Amino acid sequence: TLKKAFYKLRESCQYSTALAVGMQFCRIALWDIPQHGYYDSPKYINFKAQNAEDAVLIADLTVIEILPQVLSYAQLNKTKAKISMSDLEGQLQDAKMLREEAHK
């Protein structure tokens, strides 16, 4: 799952990939899954709670821990970085927006 992949990447310090996977998890958890009809069923109340909790935690980790690592690496290794600073700034804005959405 994306959640497991995120934590595995984080543990192995693969921060750029962890950032992408974490943001994808949040998008799916916050926007895609809630659009399914079954999501409003009382049968899935525990799933909804866990989904929301996971989205908050991963969004927080992405903004507070992962993104600073990616930015730091990019600044130190400007010639080796696979992503431009403007792309990183865009990802920063996206990650902050996802975090705000998760905390609603």
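Relative to the longest principal axis of the Cα atoms of the chain, helix 67-76 runs at roughly 10 degrees.
Of A29, A20, A55, the residue with the greatest mean-square motion in the GNM of the chain, using alpha carbon springs below 10 Å, is A20.
One decimal place: the segment E53-E65 gains 2.6 nm when fully extended, by the rule 0.36 nm per residue minus the C-alpha distance. Take the chain, connect every pair of alpha-carbon atoms lying under 10 Å apart with a spring to form a Gaussian network, then pick out the residue of A59, A49, A18 with the largest mean-square fluctuation. Ranking A59, A49, A18 by mean-square fluctuation puts A49 first. Of the trypsin sites (Lys or Arg not before Pro) found in region 15-84, those that fall in a DSSP loop while having at most 11 other beta-carbon atoms within 10 Å are K78, K80, K82. In the chain, the longest principal axis of the Cα atoms and the axis of helix 2-11 are about 40 degrees apart.
Charged neighbours of R10, selected by a Cβ distance under 13 Å, balance to 0 (K, R count +1; D, E count -1). Mean-square fluctuations from a GNM of the chain, with a 10 angstrom spring cutoff on Cα atoms, peak among I45, I58, I66 at I45. Counting only protein heavy atoms and a 1.4 Å probe, the chain has 64 square angstrom of accessible area per residue.
Projecting the Cα atoms of P34, V70, Q14 onto the charge dipole of the chain, computed from C-beta unit charges around the Cα centre, puts Q14 farthest toward the positive end. Against the set [x] 1.04; [y] 1.00; [z] 1.90, the structure's computed Rg/Rh (Cα atoms, Kirkwood Rh) falls on [x].
Rounding to the nearest 10 and keeping the result within 0 to 90°, find how far the Cα-based axis of helix 15-27 lies from the longest principal axis of the chain. Rounded to the nearest ten degrees, it is 30.
Near L67, once Lys and Arg are set to +1 and Asp and Glu to -1 for all other residues with Cβ below 15 Å from its Cβ, the sum equals -3.
Counting lysine pairs in the chain that sit 8 or more residues apart in sequence, or on different chains, and whose Cα atoms lie under 29 Å apart gives 25.
The values are calculated or read from the model by the stated rules, or taken from the named source; none is laboratory data. None of these values were measured; they are calculated from a predicted model. With ideal geometry, Cβ positions are generated from the backbone for all residues, glycine too; neighbour counts draw on all protein chains shown. For the accessible areas, the whole protein counts, side chains as well, though only heavy atoms, and no ligand, DNA or RNA atoms are used. Shrake-Rupley method; radii C 1.70, N 1.55, O 1.52, S 1.80 Å.
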